[in-house]
Each structure stands twice: as structure tokens, then as C-alpha cells.
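Input: a single structure, listed below in C-alpha cells.
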Amino acid sequence: MTIVAPAYILTPSKILRHKAVAFDTKIQKIAPLEELLKLYPQATIIKAPDQLLLPTFANPHLHLEFSANKATLSYGDFIPWLYSVIEHRENLLPMCDRSCLDQALDTILTSGTGAIGAISSYGEDLQACANSPLKVHFFPEIIGSNPAAADVMYASFLERFHQAKKHENHRFKTGVAIHSPYSVHYVLAKKALQIAKKYDSLVTVHFMESKAEREWLDSARGPFAKFFKDLLGQSRPVNDPKEFLELFMEHRTLFVHMIWADEKEWEMVKSMDATIVHCPISNRLLGNGVLDLQKVDPLPYTLATDGLSSNYSLNLYEELKAALFLHPNKNAVTFAKELIERSSTEGYKALGFEGGIIKEQAPADFQLVSLPQDLQNQEEIYLHLILHTSKPQAVYIEGKRHGT
Ligand code: BEZ
Ligand code: FE2
């Protein structure tokens, strides 16, 4: 048994003072230090009088296979970015070998994230994810708008799905990623979702990320018209967005982006078992705008970094800072608390893992962060945590200390 005695604990919905946490792989008891010392006289004690203890975060949407990108891909506008992905992916993918993947996973872990949703286009990241101490919901992705290629694309998806299934345990789960309504033929999406139904898998989909996607799916116009004509010889979209959404009615789904969703689509998503995944930095860099969080209410939402294909970092503290500044109409103090809760408890829940919360019998997944010494107003602790942290001082997953 180990006992950690910090200055503050963020559960994170509550702020606890003068409490310590006794843990092995799970949190066994939360009580004043003196009480825990009597209960567990043999325990190792970690005194952390200048530190704050909070759960590790969840980052439910990233693309690890693109982790070699720094400045190869074009930012600023979605369609030039997509062209640049197609142009450079053959070079970028092999550049992210096992050591690159391990480094990305290590950055995630040591920056305070304990659970991820890894969207896998090719399966190259499977071994690294399966061997990582992180909790991983691994999502083999299906893509393909051309019906002539549908069988090949489906076979590839199915193979990657079953390979991932072999690694399942309490910290590795397999889900299904449907790339998007513009890039996955209706029949193909339906077939992949039948697999999700059969195995009761969590589903994820990029939906209404760009204005170009909105225009193409609504009217076969806009910059996607040239893209589809030149690259795929298509003049019509392969989905009506509402019919496409209907496919997700019976699934637990993480809807990623949603910036350009219309009223009817929001209404449909709100009738589903849905969580919205908000990626503010990726959206900013690709020129997609800012998700209106008022439209999300009352659905749960959580933050994610997306991949290094559209972000400079996989550190969730960067995403928290960006979210804080990209929603200027929200009160900074109350919104900071909301963001911390969404990124821990809500994120773990969205991925289907226990954790993201400091309570007895929860897994001992938490981080210790140094605290500004001049904190005056306790309720501002969430805001100062976001403003003053770039990395925690220690991260524990199932009671084991990692990194730093
Ligand atoms: C496709 O594979 O059909 C596709 C991929 C990316 C964007 C659009 C379509
Ligand atoms: Fe993405």
C-alpha cells in the first residue's frame, strides 16, 4: 500500500483538503493522513504538500500513425490539408516507426493522460498500443467512397478489427471507426456497423468537420467537388448526411468535430447514445471554425487532440489552454472546472474505461501537479491548474508511477 498526501485533491467535481489517498492498483481509502497511517502502518508515504492530485485525463481521438508529422502537412484550410495528407501519407507513415509510436505514447502518458481513443487507419500502431501502460480504445477505421473498392476496403477493415480483438483485456478495447460521411460509402458504413453491433463495439465517426463537407453533402458543390472529380472521378456524394446519421441510431457513438452540423442533425444526435468529441486546436489549424458548445448541451462532450497530423502536441494541457481561450464567452473560472471534469471523468466514461475520478475502488490512475504557492481563491484552482501546468510531476496508472 502507498499513501499520497497532497495539498488538494480534485475528484474532480469536488475539491478536497486535508485528505490523503491510500492505494495499490486501486484507490483503497480516502481519509485524513493520520487515519490512513493507523489503518496502513506499513504503507509507503508520499508527502506532496505543494502538489495537487487529480485523475489522469482521457484523450479519446487521435491518429498515432501520423505522429511523424511536424510541418509536412498544409495547415490553414481543410481541403489543401486533405490534398497534402494524400500527397505525403506514403512518406509520413513509414517515418513513424515503433520508436516514434512509443515516443508519442510516452508523451501522452507523461503529460497526464491515462486513456486514449486511437483511430487506426492501417493497423501499424496496434502493437505499440497493446504494449502501452495506457488504457487504449483502439478503433480500426474504415474508409472508401468508391463502390468498386468496397470489398477490398471492407476486408482490410475486418482483418485489422480481428487483429485488434486478439489483444483485448481490461485496458485494451476494440471499437469501430467510420471515417466520415463523405469518404465512406453508405453500404460500407452499414457493413462495418453490423460488425460493431455483433461485438457491441463503441463507434466513432468524424462528422461535419468542415464547411466544404457541409457544401458537398448538401449540394455536391464547393471545393470538395473538384477534389472528388479529380481524385476519385465522382460527381455526387455517397451519402445523404441524415440517412448516414440514421445508421448510428442503435450505437454508442463518439461524434468528432460537429462544427458544421445543422439543427436537424443535432436533434438526431441528441436522440442517440452519443458523446461529442471537441478538438479545438485541430479545428483552428485546419480553418474549420469553433464548435458552438451551446449546441452540444445537454449531450456529454470531451476534449481531444486529434493526431499530430493536425496538432503540434498530444499533451492535453495544450488542448485545455486552447479550449479556454477559444470560447471567450464562457466564464474562465467555471469553464476551467467544466473542462477538467470533461477531460477526466467524462473522457474515461466515453471510452468505456473505469477511472477519470478520485474515489474509493476506482483504479489508481492519477497525476500529481505542482500548485501555485500564492493561490488565494480555492475555486480558481481549476483555472490555475490549466494556466500554470505544462506537465505533471508524476503520473500513476493502476498505482504504478510513470516517467518524469
Ligand atoms: C476515399 O477513400 O474514398 C476518400 C478518402 C479521403 C477523402 C475522401 C474520400
Ligand atoms: Fe481525426
- prompt: In this structure, does Lys229 turn out to be out of contact with any Ser or Thr (no Cβ under 8 Å at 6 or more places or on another chain) and either at pLDDT 95 or above or under 29 Å from Glu319 (Cβ atoms) (or both)?
  reply: no
statement: Picking from Lys359, Lys330, Lys391, the residue that is in contact with an Asp or Glu (Cβ under 9 Å, 6 or more places away or on another chain), basic (Lys, Arg), surrounded by fewer than 17 Cβ atoms within 10 Å (Cβ to Cβ) and part of a loop (DSSP other than H, G, I, E, B) would be Lys330
query: Taking the stretch 169-184 only, how many residues are touching an Asp or Glu at 6+ places or on another chain (Cβ under 6 Å) and among the aromatic types (Phe, Trp, Tyr)?
result: 1
task: State all residues of the stretch 17-65 that are charged (D, E, K, R), assigned to a helix (DSSP H, G or I) and open to solvent by 10 Å² or more (accessible area, probe 1.4 Å); if no residue qualifies, say none.
output: Glu34, Glu35, Lys38
- request: Could you pull out the residue among Ile178, Ile119 that is in the same structural domain as Trp260 (by TED's automatic domain parsing) and under 27 Å from Tyr396 (Cβ atoms)?
  value: Ile119
query: Residues in the stretch 362-374 that are modelled with pLDDT of 95 or more and surrounded by 15 or more Cβ atoms within 10 Å (Cβ to Cβ): how many?
result: 9
message: Looking at Ala177, Ala155, Ala150, can you tell me which residue is in contact (Cβ under 8 Å) with a residue 12 or more places away in the chain, away from ligand 1 (no atom under 12 Å from the Cβ) and either among the small types (Gly, Ala, Ser) or crowded, with 22+ Cβ neighbours inside 10 Å (or both)?
response: Ala177
message: If Gly123 satisfies all but one of (1) within 22 Å of the chain's Cα centre (by Cα); (2) on the phi < 0 side of the Ramachandran plot, what's the number of the condition it fails?
response: (2)
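Per-residue answers, yes or no, for (1) free of Cβ contacts under 8 Å to residues at least 60 places away in the same chain; (2) not aliphatic (A, V, I, L, M):
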residue	(1), (2)
Leu10	no, no
Gln28	no, yes
Lys38	yes, yes
Leu53	no, no
Phe57	no, yes
Lys70	no, yes
query: Can you list the strands (runs of 3 or more DSSP E) found entirely within the stretch 166-271 that contain at least 2 residues being out of contact with any Lys or Arg (no Cβ under 8 Å at 6 or more places or on another chain), of a type outside the set (Gly, Ala, Ser) and closer than 30 Å to Pro298 by Cα?
result: 176-178, 203-207, 252-257
field: Matching residues in the stretch 72-94 - criterion: being open to solvent by 20 Å² or more (accessible area, probe 1.4 Å), within 13 Å of ligand 1 (Cβ to nearest atom) and without any contact (Cβ under 8 Å) to a residue 60 or more places away in the chain
entry: Glu87, Arg89
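The values are calculated or read from the model by the stated rules, or taken from the named source; none is laboratory data. This is a predicted model, so every value here is computed, not measured. For neighbour counting, all protein chains shown are included, and Cβ atoms are generated from backbone atoms with ideal geometry for every residue, glycine included. Just so you know, the surface numbers come from the protein's heavy atoms only, side chains and all, with ligands and any DNA or RNA stripped out. Shrake-Rupley method; radii C 1.70, N 1.55, O 1.52, S 1.80 Å.
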